[in-house]
Amino acid sequence: MRPERSNKDPVDEPWISNGGSMLTMVMTGGTSGFGAISAERLTLSGNARLILGARRPTSVGESIPLDLTELDAVRAFATSVRDRLGDTPVDALVRNAGVILPDVTGRTVDGFETTFAVNHLAHYLLLRLLLPALADRAIVVLNTSGTHDPANHAGLAPPRHADAELLAHPDRDPDRDTRPRKAGEHAYTASKLCTALTARSLSGDPDVQTRRFTVVAYDPGQVFGTGLAKDLSFPLRIAWSLLGTPVLGWPLRRINRNLNSRTAAGNTLADLALGLATPPNGRTYAALRRTQLTWPDPSELARRDELAQALWNDSARLVGLSD
Ligand SMILES: NC(=O)c1ccc[n+]([C@@H]2O[C@H](COP(=O)([O-])OP(=O)(O)OC[C@H]3O[C@@H](n4cnc5c(N)ncnc54)[C@H](OP(=O)(O)O)[C@@H]3O)[C@@H](O)[C@H]2O)c1
């Protein structure tokens with residue numbers, strides 16, 4: 001169990017070290033991009049035992065194989081985590097892995113559209129399977145994106161809905177965009193809307209409130225130079241990579257407050273996981289703007305309780321769980 005925490009704890013003196021006990025953390029997406037920076041910082045903090053779910057061996061923390069394109073792999077991972085930890089509870093769960101794809105033609109072994117399956121469905125299952133293993137006052141950080149909100153004018157096709165059935169099977173969506181790239185963008189932004197809605201459902205759950213979890217949907221802003229564009233077209237990959245270089249990235253970040261460096265995004269994610277950055281009362285959506293954590297409202301769709309509830313229930317059905 002985490003020690004009692006207060007917003008008054010000084011930020012340069014982690015409250016976790018005052019508790020004197022090692023934290024146990026489970027993370028996805030710690031092998032590249034800003035997640036790798038977070039993972040390294042978490043392990044260097046000296047206070048955390050970090051278990052990474054990863055497709056390949058890692059040099060930080062302990063890794064357990066996890067491919068989020070297979071729900072069976074998620075089940076096996078959750079079992080391995082619980083076996084390895086025994087009675088030791090998980091203090092922080094960080095769901096950071098994610099993909100953006102050039103279209104929606106890909107299907108996972110379970111038959112679901114890949115972006116939705118990796119970014120939302122597999123992570124939903126992981127959350128459900130690890131919920132009983134979380135400590136009282138655990139921290140759950142779910143990686144979302146400002147692109148889920150049309151008001152941010154992020155340049156990607158915004159989500160039209162959070163209907164799990166249609167997102168899992170976009171060919172059944174009568175209003176789908178038939179342009180491959182736009183459909184791929186929509187799948188990505190919709191999956192991030194699903195993440196924000198999952199955070200809403202989770203934080204409102206009576207059991208979660210009793211156990212005093214901290215739930216945060218984290219929008220890191222736009223972070224160039226990560227591996228996220230690796231499946232996109234060659235020109236987009238080059239642009240993504242060039243804009244992530246210091247010579248271009250630094251001046252751009254001065255102009256556009258949505259842009260953040262990998263270091264800033266990764267360190268802030270680690271701060272959230274460590275409890276060094278905490279939400280004001282009643283907030284679950286965090287957006288990194290010009291390296292500062294802000295707590296705005298998520299999109300209008302992401303604030304709708306009936307959507308959050310329907311998504312939770314439909315996702316449970318798709319992964320074979322009861323509500
Ligand atoms: N970069 C941005 O501008 C931005 C903005 C908003 C939100 N985000 C979100 O932030 C998160 C990290 O993004 P990033 O930009 O740092 O991208 P990244 O460098 O591509 O990192 C993605 C991470 O997810 C892992 N991953 C992908 N598919 C997986 C799978 N099937 N099974 C297990 N792990 C898988 C990757 O593992 P491998 O190393 O094996 O590929 C990697 O560790 C993502 O959720 C992304 O959507 C990014």
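The values are calculated or read from the model by the stated rules, or taken from the named source; none is laboratory data. In this text, all values refer to a predicted model and were calculated from it rather than measured experimentally. When we count neighbours, we look across all protein chains shown, and the Cβ atoms used for this are built from the backbone with ideal geometry, even at glycine.
For Ser6, the criteria (1) assigned to a loop (DSSP other than H, G, I, E, B); (2) more than 9 Å from the ligand (Cβ to nearest atom); (3) modelled with pLDDT of 95 or more hold in every case but one, which is (3).
Comparison of Thr178, Thr210, Thr214, Thr198 shows that the only residue that is in contact with a strand residue (DSSP E or B) (Cβ under 7 Å, 6 or more places away or on another chain), surrounded by fewer than 23 Cβ atoms within 10 Å (Cβ to Cβ) and either of a type in the set (A, V, I, L, M) or more than 26 Å from Gly244 (Cα to Cα) (or both) is Thr214.
Taking into account only those residues within region 103-123 that are away from the ligand (no atom under 14 Å from the Cβ) and out of contact with any strand residue (DSSP E or B) (no Cβ under 6 Å at 6 or more places or on another chain), which is nearest to Asp271 (Cα to Cα)?
The first filter runs over region 103-123 and keeps only residues away from the ligand (no atom under 14 Å from the Cβ), leaving 103-105, 111.
From what is left, the residues that are out of contact with any strand residue (DSSP E or B) (no Cβ under 6 Å at 6 or more places or on another chain) are 103, 105, 111.
Numbers: Asp103: 34, Thr105: 37, Gly111: 36 Å.
Going through the qualifying residues, I end up with Asp103.
Inside region 228-262, can you point out the residues that are among the hydroxyl-bearing types (Ser, Thr, Tyr) and in contact (Cβ under 8 Å) with a residue 60 or more places away in the chain?
The one that is among the hydroxyl-bearing types (Ser, Thr, Tyr) and in contact (Cβ under 8 Å) with a residue 60 or more places away in the chain: Ser233.
Candidates in region 216-269 are the residues that are within 12 Å of the ligand (Cβ to nearest atom), aliphatic (A, V, I, L, M) and assigned to a helix (DSSP H, G or I); of these, the one that is nearest to Leu127 (Cα to Cα) is Leu269.
The lone criterion from (1) within 15 Å of the ligand (Cβ to nearest atom); (2) buried (at least 20 other Cβ atoms within 10 Å of the Cβ) left unmet by His153 is number (2).
Is it the case that region 17-26 has a residue that's part of a helix (DSSP H, G or I), within 20 Å of the chain's Cα centre (by Cα) and at pLDDT 95 or above? Full working, then the answer.
The first filter runs over region 17-26 and keeps only residues part of a helix (DSSP H, G or I), leaving 17-19.
From the residues that got through so far, the ones that are within 20 Å of the chain's Cα centre (by Cα) too are none.
Looking through region 17-26, none of the residues is part of a helix (DSSP H, G or I), within 20 Å of the chain's Cα centre (by Cα) and at pLDDT 95 or above.
The single residue among Arg55, Arg75, Arg49 that is under 22 Å from Gly266 (Cβ atoms) and either touching a helix residue (DSSP H, G or I) at 6+ places or on another chain (Cβ under 8 Å) or within 14 Å of the ligand (Cβ to nearest atom) (or both) turns out to be Arg55.
Among the residues of this structure, Arg137 does not count as one that is more than 16 Å from the ligand (Cβ to nearest atom), closer than 21 Å to Met25 by Cβ and within 17 Å of the chain's Cα centre (by Cα). Is it the case that region 56-66 has a residue that's in a helix (DSSP H, G or I), of a type in the set (D, E, K, R) and more than 27 Å from Thr214 (Cα to Cα)? No, region 56-66 contains no residue that is in a helix (DSSP H, G or I), of a type in the set (D, E, K, R) and more than 27 Å from Thr214 (Cα to Cα).
Let's see how each residue does on (1) surrounded by fewer than 24 Cβ atoms within 10 Å (Cβ to Cβ); (2) under 20 Å from Leu42 (Cα atoms); (3) of a type in the set (Val, Ile, Thr):
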site: Pro89; (1), (2), (3): yes, yes, no
site: Leu101; (1), (2), (3): yes, no, no
site: Gly106; (1), (2), (3): yes, no, no
site: Gly111; (1), (2), (3): yes, no, no
site: Leu129; (1), (2), (3): yes, no, no
site: Leu134; (1), (2), (3): yes, yes, no
site: Ile139; (1), (2), (3): no, yes, yes
site: Leu142; (1), (2), (3): no, yes, no
